[in-house]
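Engineer: After the structure tokens below, expect a handful of questions from me.
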Amino acid sequence: MRSGTDALEDDLRALLNEWDPLGVADDVQDEYDCILAPLLQRLRRGADQAEIRAFLWDELVEHFGLNPLPSEPAAVAARLTTWWAAADATGGTDRA
């Protein structure tokens, strides 16, 4: 049985791969693992949608070298904070 943290990481990985700003998730399932822990840290300490959006924006620009606008980080931040609220309410057992 997976731990709560493993389940959360798996769910978050699935959400990031669905977003897939690089367009590689079909071939590289762990491409966005570099932002899993920092995202979970922020969500666990209560980061709001604006903070998550800013983090994603910075990662797209600084880490991945992308123009963030086509990737819609604000929409993804909204989805992630909604997912987190549901996962938190169910003790991390809610699937994405």
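The values are calculated or read from the model by the stated rules, or taken from the named source; none is laboratory data. In this text the structure is predicted, and so the values were computed from the model without any measurement. Using ideal geometry, Cβ is built from the backbone for each residue, glycine included, and neighbour counts are taken over all protein chains shown. Calculation scope for accessible area: heavy atoms of the full protein, side chains included, ligands and nucleic acids excluded. Shrake-Rupley method; radii C 1.70, N 1.55, O 1.52, S 1.80 Å.
Engineer: Among the residues of the range 64-83, count how many are at pLDDT below 95 and either in a helix (DSSP H, G or I) or of a type in the set (Lys, Arg) (or both).
Structural biologist: The total comes to 3.
Engineer: Take the range 1-55 and flag every residue that is among the β-branched types (Val, Ile, Thr) and at pLDDT below 95.
Structural biologist: Matches in the range 1-55: 5, 28.
Each row is one residue, and each column tells you yes or no for (1) farther than 17 Å from residue 10 by Cα; (2) among the β-branched types (Val, Ile, Thr).
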position: 25; (1), (2): no, no
position: 29; (1), (2): no, no
position: 33; (1), (2): no, no
position: 44; (1), (2): no, no
position: 49; (1), (2): yes, no
position: 60; (1), (2): yes, no
position: 71; (1), (2): yes, no
position: 81; (1), (2): no, yes
position: 85; (1), (2): no, no
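Engineer: Further question on the same structure: From the set of residues in the range 52-69 that are open to solvent by 60 Å² or more (accessible area, probe 1.4 Å) and touching a residue at least 24 places away in the same chain (Cβ under 8 Å), which is farthest from residue 35 (Cα to Cα)?
Structural biologist: Taking the candidates together, the pick is 53.
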